[in-house]
Structure formats: C-alpha cells, structure tokens
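The values are calculated or read from the model by the stated rules, or taken from the named source; none is laboratory data. Everything quoted here is computed from the prediction, not taken from an experiment. Because the Cβ atoms are built from the backbone with ideal geometry, glycine has one as well, and the counts that use them run over all protein chains shown. Only protein heavy atoms, including side chains, enter the accessible area calculation; ligands, DNA and RNA are left aside. Shrake-Rupley method; radii C 1.70, N 1.55, O 1.52, S 1.80 Å.
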Amino acid sequence: MTEHSANQAHAHQAHANLADADQAYAATGGRDVHTVRFPTATPPTEVDVLIVGAGPVGLSAAVELTARGVRVAVVDRARAATLVRAGAMGHSPRTVEHFRRWGLLQHIRDEWTFPPEWNQGIRLVTSLVGHELLAPRRPSFAGSSGGGHSAEEALRRPQSALQRVFLGHLDRRGVGVAGGWRLVALRESVDRIEADVLPEADVLPEADVLPEAAASGTPRTIRARYLLGADGGSSTVRRLAGIERDGAHATEKRLRLIVRTQDISDRVGPAPSGTNIVFNQRAAGFLAAVSTREWRVYAGPYPLDYTPTEAELLATAQAAFGFELDLELVSSTTFYDATRIARTFRRGRVLLAGDAAHVRTPGGNLGEGFGDVVNLGWKLAAVLAGQAPEELLDSYDQERRRHNWRIADHALERSRRSHALLAQLRRLGIPDDADDSPQAEARRAEIRARISQGALGAPGVTFDERYDASSAIWYEDGQLDTEPPWRADVYQDDPRPGHRAPNGLVDPYGDTLYDRIGTGFALLVLSADREVERALAAEALARSLPFTVVHLTDPAVRALYGADNVLVRPDQHVAWRGAELPAAGAGAVLDLVLGAGQVLGTIPDQVPPADGNLTVDHGRAVDQGPAVDQGPAVDQGLVADQGLVAAKAAVATGVDLAGASASVRS
C-alpha cells in the first residue's frame, strides 16, 4: 500500500475516531492539534521577505524576522498541517533555547498532546509491555532529571503543536500567512525578486467569494527584497533557483507509521512510557506516543521498489506494543538513511532553510532548521535596515552548510552503527517476552551489555555548533589551526570566536545570560576596564545597531570566557573577544562581523575564503538528477540523536553566573 492510498483508505475512519480521541484529551486536559489550519487569505503584493513554506521552519522564520521589524508574508500550497503527518517530536536543549528567546517556550509547553507525565526518559525495551533493556534517566519530582539540568533542557511536542503556537503569535502581530498558494515562477532583478503564486483549486475551501486569482486562474505576483525557501525536501524554491544537491542516494527505505489504538490502559497503565526504543525479532526503532490514542512506530528496512502490505505494517506495529490489540493504520511516511544537502544555501536573493537546504538521516533535522533561521534572521534584518552589506548573507551559507554536513555525516554513521547492532542482536536471538527461563534472562543480560557498550551521548551534536569557516567572525591568531576536531560525543563550553557563547544564570532568580542578551548584539564586559565598551558602544550607536552591554563581575565567568571583553552576535555566537581592540579599532571589528570585511578587503589572514569550503567534496556523490523524495524530516531513527540512552543531551554546559549551584538553563 502506498502512502497516498493508505491515507485515503483510512481518512474517513480517522475522522470517525476523533471523537473518541477528543474524549481522551478531555480526560487528561490535553490539547487537540489533530489539524492545524492555515489562514485562508490572499497574500500581499509587496513585502521585505517572502517565505515559502508554512512548516515549523518557515513559520519560525516569520517569528524571527517579525521580531526584528522585517515585513514578511508566508505562503504554502497546503491548507493545513495534521498531527498524524507531523515529523519531529523531540527538541534538543539548543532548540529550546530558541523557543525561549522567541518568548514562546511556555506556549509550546502548554500544547502537549499526551500527558507530560508519560515522558519518562527514552526506554530501551523488548516491547512496550516487555523487558527493559536499558533504564532511562527518569525525571525526579523533587529536582532535575539527572546531570544537573533543568526541566527546560529538552522538550517533546509535535510539529503541529509548534505550528499552532507560531501561527497564533503571527496572527496577533498581523503577519500574513496564506495557505493554498503554490509557487510557480521566480524572477530576480537588481533590487528585488518576484514570485508568482497560484491558488490550489483542488483544495480551495467552500466559500461564496473566492480570491480573484482563483476565479481567473492567473498568477498573483508578490514582490520582495528576498525570498526564503522553507518548503521541504522536494523544495520548489530550490528547483526554480537552480540549486542542486550533493550527497549519496539511499539504497533502502523505512516507513514511519502512525497507528491509532483504543483504550489500552488496562495493559499499559494510565501513564505508560511515551518514548521507547524497541528491540525484538520483528520490530525495531521508536515506539512513541503522539497523542493519548496515536503512536509512532517504525517499519523496515525494505528494498526501494518494495511496497509492504497494510497487514505487514500492522504486524510490525503490534510486535512493538508486545500484545494483541486493535490497531488502525492512520498514515505511513517513507524516510531514508541518506544525505542530500544543497550546494549553496544562497543564490542571489533566494535563500534556503530547513529541509529545503538539507535532508539527512532522521534525528534532529528540524532543530537544524531552527538553527538556520536564527543564524539568518539577524543578518537579513541588518541588510534590510542598511546596517550591513548584502555580502553578510554569504556567511549564512559558509556557516550553516558546513555545520549541517558535520551533523549529517555523524547521523549517517550513527544510523549504520545502530542497524549493525540490531543485526547482531537478532543473530544472537532476542527472547520472546513470555520466555522467563534462565536461558532467556542470560540472553537478555548479554543484550543489555552489548547495548550499553555503544550507549554514548552526543552533546557535541546538541551544542557544538561551531562556525569555523566564516568571513564574518574575527578569529584569533592561530585559532583555526589549534582547535580540537568536532566530535559528536564530546562537548565543553568553548568561548572562542565562532562558538556558541556559554550560557548560565546572571542572577539568583532564574534569568539567564541569553535572556539578558535578548535579540541584538551584546558586549560582555568581564573586567573593570571600560575602554573597549565605550568604543564599541559608540560605534554601534553610530550605526543604529541594537547593542547591549552586560557587566559580569564573577571571576568564574572571566575564567570561563578567557578574555576581558566578548562580543556576542544576536544568534548567541561569539564574534570577537579580547582585552583590547585591534589596531584598526571598533569600526574594523563591526565591519567584519557585519560582512563589510569582504567589501573593504580587511578580513584578517586567518579567516577562510568566502565560499567556506575548507574541505573538498569529502568523496560525496554530486547531484545526478532528482533525488528520491525523502519526505518530511522525522525526529528520530533507530536511536536518538544523543545516542542510545540520552534524552537529548546530558552535559553541564555552563557555570552559575550568579554564584548559585545551577547549570545552564535553556
């Protein structure tokens, strides 16, 4: 059964069963985000930035840019997003930092679709009711989840819940979002880009009066200074802009299923584990709650040309639950262990973000999309406000494309190791859940030992978002030659230019450094000498640049940052640090950080070339035609981004800037 036919076959039954699901929501106080509808509207004819794609990345870009005074509009050919088609569920601590900076974290927390007490860490099990193979770090009612972290360090909410929050935020600010509009053409001139969009007649809502373009069938032209493509792995924007992709095609496929149950509390209890990784002879991968009645299950791998039957898929799902139950197949989505990354994230006035720019082995790709948005947002705003030349936008491609290749290479290798482990365990033989014999217990002990050997966290994936190939970072002499290599399993706070600024508390009442920095540039002054502060503040004022000065007197903070003054960009990355300004002064520092170094020819010798490609090809296959449609990004493959046991990250990542015994808060 194909994905389309499966969805059609079950559409009517799915709607019929929503009443039962709604009752479950009412019983627990949960939110029903089964369907999030995009506004029915006609897009404006002129904006600063047109965003194509109303997924979480596109809508978050609108949130980011609107906060910076940029006029935006969002269009999407779809008219709704659905819970059962949602991709990512898990969001890393770094992503939660972005939610908090946007002022939307609590709104997102409020949109849970199953009781939060179901989140008990990631359990490795033989089935939902079977044997535990590796215990998770369970949350403590009296304190943190272990490792000294706050409850804000990681979050599980479906994409549709994020979209609902983003849409509400944008609606309150009068930002236009229009569903049912398909991009058909792009034309770029010296100072603008024009996009032709057509209404999707087959999904137009019932209405007495349709938009004029719908009635005539003629395109509507939207003029913008820049266009951001956030329209998914099969991006129309990328195709129209002529941007090819690099990376290897998949050799097999897997399916992400959403299955709907009846009330199974008599077997699993009223608060079952909502996030599980299953290892048995028939099922493997995540079994994760999406709502109180719907669960995500993985099936495969399958040959690319093979179409499993519905009966096969449901049998796999039942094996993951570990007992007989009535299951309804609500949706199935194909995904691949493969990497496809755009050759550039910018071509002229067209920019790419999220899956439109990079699709990879499942696990955290949505978070990388949010990282794209945060990196790009302040740069676009600075260019549009006349505070920076358009060359600043080149650094977006330099920084984010290199970073995404690192993450993609790790994700692919991690997936291969995980599947090799599963194959080993199945050759060894995973006992049936009902087998309680001494031999079966001994076999499970051996399986636990093998899983534990590979149970490494991946804090580098979460926090080591280093930008070491940028023309807009003032690197220190010799820095790029001496930095340790990027590693997924290692992370230490690194305050050198290009790295994420270490975060921590600045007062005893929960305010973090990132809260204090806000959305503009910030200078951390960590000594009594204020000469650098006065010079940079004056230069920022002359440029009308948003600028905050933060004085921190704790010696531990000075020791952590390793300099008297640290300039932090709006995306929370260190741009420059030092005891005194370079000979060229404050203006030269801001020129380079704002992209003018390329124009003025003042980039220090150690800064990499503007294309950001410090390595050549890495042996990756180049684009040789249309790639297999990889579908929406999903949040987890066989194992989590942070390894087999980690619940998104578990490293102390900062000092208590206020002197209290607390680690970084997201």
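Length gained on full extension, Arg172 to Glu446, computed as 0.36 nm times the residue gap minus the Cα-Cα distance: 93.0 nm. Restricting the calculation to Cα atoms, the stretch 350-428 shows an Rg/Rh of 1.21 when the hydrodynamic-style radius is the Kirkwood one. Surface composition of the stretch 71-124: carbon and sulfur make up 50 percent of the accessible area, probe 1.4 Å. In terms of its alpha-carbon gyration tensor, the stretch 449-519 comes out oblate; a/c meets the 1.5 threshold, while b/c is at least as large as a/b. If the label point is 7 Å along Cα→Cβ of Arg282, which residues in the stretch 430-451 have backbone nitrogen under 19 Å from it? Residues passing the 19 Å test: 430-436.
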